[in-house]
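The values are calculated or read from the model by the stated rules, or taken from the named source; none is laboratory data. Note that the structure is a prediction, hence the values are computed from the model and not measured. Counting neighbours? That spans all protein chains shown, and the Cβs are built from the backbone with ideal geometry, glycine included. Accessible surface areas use protein heavy atoms only, side chains included; no ligands, DNA or RNA. Shrake-Rupley method; radii C 1.70, N 1.55, O 1.52, S 1.80 Å.
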Amino acid sequence: MRDGILTIDLAAIRRNWSAVGRRLKSATECAAVIKASAYGLGSERVAPSLYRAGCRRFFVATVDEGLSARAYLPADATVYVLAGMAPGREADCIERQLIPVLVSAEQLQRWRQARRQAASAAPCAIKVDTGMTRLGLDMEEFEHLCAEPQLLLDCNPVLFISHLACADDVDHPLNRRQLSAFRQAAQQMRRLCPQIRLSLANSSGICLGEPWHFDLVRPGGALYGVNPQPGADTIVEPVLDLKLPIVQVREVSRPGATVGYAATYRIDRPVRLAVALGGYADGIHRIAGATGFGVLAGVKVPVVGRISMDSTIFDISAVPAAQLPPPGGGHIQVLGPSIDIDQASAAAGALGYEILTSLGDRYHRRYVGE
Ligand SMILES: *Cc1c(COP(=O)(O)O)cnc(C)c1O
């Protein structure tokens, strides 16, 4: 059986990285977040392409992702591991030059210990929590560490970060509160380590403006086409095109016939249906189930009935007969120029991020714009 075709435009991803970079003053560096295999798009292809465009700093989520990154990125790329390291993984970080983002005093202690054992000068990053209450040293903990700074200093911190909780909502008061908490913490940190670099903004944080930029920004979603400022004109372009192959076309004229599992859709007039390959195991419930349509021969074709694990049914009655694909052929587009990730996610009440990361691994992936 033919597969769905997921086309990933690497040149568009590089252009998005540059579009984000153009918002920064020259002293601010633009990194790339490539965790979860570049949000599902294939970090082994995406990251080297960004490296060629000039990106030298990459963020992954786990030590294992970092070890993979070492295989596909040149040695002078800096790789940060956002969740720090689990016990026993310190040596992997030291040996493969992964910079763990340490989030607790417990991680700092293990890092110090591992560096001593290995007689290593390996650096780390440190994360403080300024209002998201997820990963990071809380402010009280951080102040204790600064009061007795030997532990901090023994870890060789080179980057100090925090993460914004509400940056996609420009008017949210937490944005300013987090900014001022981070500034305050950064000041303390700089007293101890004058050279340390600072980083606060993700994709949406970059759009909040220069005060949020510091030395390094960490965009992820914007690189992959998600509008970092929902509600405003986007500064990035779509990077995906997804087409599902039509497996079977059927004419249904029997009144009262029902479509799909649980018979949720009932036919009340003669229709032509196309059964396309690709279902909720391929992220389609997030896409077509949400927008409720695909595109065939330039015509919007609605989804009917429940989306199955492997297939989705479209009502293609509105497509003129002369434009129907030949028997056994044809594709229905579910992401592309006329259905971008922001439209699909808005309709789904989902995040663009959820759509990207739920695409699964069954599509035939084509990378263009190398
Ligand atoms: C995922 C992540 C990012 C990237 O966020 P986007 O919203 O995708 O730009 C940046 N920083 C941290 C700490 C993250 O976990």
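Listed values, structure above:
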quantity	calculated
Tilt relative to the chain, helix 173-192 - C-alpha long axis, 0 to 90 degrees, to 10	30
Protein accessible area in segment 240-339, 1.4 Å probe - carbon and sulfur %	54
Inter-part distance where segment 153-192 and segment 349-370 are each reduced to a Cα centre, Å	31
Residues listed by number, segment 134-149, amide nitrogen under 15 Å from LEU174 label point at 7 Å toward C-beta	134-136
Relative contact order (%) - segment 10-224, alpha-carbon pairs under 8 angstrom, separation at least six	20
Rounded percent of accessible protein surface that carbon and sulfur make up, segment 10-224, 1.4 Å probe	48
Kirkwood Rh and Cα Rg combined as Rg over Rh, evaluated for the chain	1.07
Additional length obtainable on full extension of the chain from ARG362 to MET139, 0.36 nm per residue less Cα span	75.8 nm
Relative contact order (%) - the chain, alpha-carbon pairs under 8 angstrom, separation at least six	19
For HIS331, distant residues with modelled amide H under 5 Å away	ILE246
Solvent-accessible area per residue, Å², over the chain with all protein chains present [probe radius 1.4 Å]	44
Under-29-angstrom lysine pairs by C-alpha in the chain, whenever the two are 8 or more apart or on separate chains	5
Scaled radius of gyration (Cα, divided by 2.2 N^0.38 Å) that segment 174-251 gives	1.72
Share, in percent, of DSSP beta bridges within the chain that are antiparallel, nearest 5	50
Two-decimal ratio, segment 240-339, of alpha-carbon radius of gyration to 2.2 N^0.38 Å	0.99
Contour excess over end-to-end distance, with Cα ends at ARG269 and ALA232 and 0.36 nm allotted per residue	9.2 nm
Computed magnitude of the charge dipole of the chain (debye, nearest 20; Cβ of K, R +1, Cβ of D, E -1)	520
Alpha-carbon centroid distance for the pair segment 42-118 / segment 303-323, whole angstrom	45
The chain, helix-only ellipticity at 222 nm - DSSP H runs n ≥ 4, -39,500 (n - 2.57), divided by all residues, nearest 500	-9000 deg cm²/dmol
